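The values are calculated or read from the model by the stated rules, or taken from the named source; none is laboratory data. Everything numeric in this text was worked out from a predicted model, so none of it was measured. Backbone-built Cβ (ideal geometry, glycine too); neighbour counts: all protein chains shown.
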Amino acid sequence: MYSFIYNAGKLALLKGEVQPLAHTLRAALVTLAYVADKDAHAVLADISHEVSGTGYTSGGKALTGVTLVQDNANDRAALKADNVVWSVGAFTARAAVLYKDTGSPATSPLLAYMNFGGDHTVSGDDFNLEWSPEGVIYLGE
C-alpha cells in the first residue's frame, strides 16, 4: 500500500488555495485502471476510472469532522477527518483520491492519493474508508 500528496496539491496548500477547515474536501474512489501520476495530475478532471456502481455517486463524498492537529511527538501536523462510509454499495475500489471541491472538476485541486494495496469489493454491504490514526494526510520532516 502506498500514498502520496500530489505535487499540485502541495503547492495549493502552500499558496493557501486549499484551506481544510474552510473548504469542502471530498474523497473519490478509483479502480485499479487509474494510474496515479503525482507530477502530471493536478485537478479532478485529470482522474480517470472513478468507481461506478450501486451506492456510489460520481465525485465521491465530502469529508466530515475535519480537524488540524499539531503532533509534537512526531514532529508533524496532520489533517484528520471522520471515516467515510458508502452505504449498501455494490462496487470495487482500489484507491481513494482526496481533493478540494470547487464545483468543477476542471478547477478542483487534487490533494492526496491513497492506494489500498488491493481491490476492495462490496456487494450489498457498507464500504468503509478508514483513515490512518496518524491522519488523512500529514506534513512532517
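Of note:
- No other residue among 103, 118, 60 is at pLDDT 95 or above, farther than 22 Å from residue 24 by Cα and either among the small types (Gly, Ala, Ser) or in contact with a Lys or Arg (Cβ under 8 Å, 6 or more places away or on another chain) (or both) apart from 118.
- Tally, over segment 60-75, of residues that are over 30 Å from residue 50 (Cα atoms) and polar (S, T, N, Q): 3
- Residue that is surrounded by the fewest Cβ atoms within 10 Å (Cβ to Cβ), among those in segment 90-125 that are of a type in the set (D, E, K, R) and under 15 Å from residue 51 (Cα atoms): 119
- Members of segment 11-29 found to be of a type in the set (D, E, K, R) and within 14 Å of the chain's Cα centre (by Cα), listed by number: 26
- The conditions of being free of Cβ contacts under 8 Å to residues at least 24 places away in the same chain, in a loop (DSSP other than H, G, I, E, B) and under 16 Å from residue 109 (Cβ atoms) are not met by residue 36.
- Test result for residue 38, at pLDDT 95 or above and loosely packed, with under 14 Cβ neighbours inside 10 Å: no
- Considering residues of segment 1-33 that are touching a Phe, Trp or Tyr at 6+ places or on another chain (Cβ under 8 Å) and assigned to a loop (DSSP other than H, G, I, E, B) only, the residue modelled with the highest pLDDT: 6
- Failed criterion for residue 90 (all others in (1) more than 25 Å from residue 41 (Cα to Cα); (2) aliphatic (A, V, I, L, M); (3) touching a residue at least 40 places away in the same chain (Cβ under 8 Å) hold): (3)
- One residue stands out in segment 65-77 among those that are part of a loop (DSSP other than H, G, I, E, B) and surrounded by 11 or more Cβ atoms within 10 Å (Cβ to Cβ): the one that is modelled with the lowest pLDDT, namely 74.
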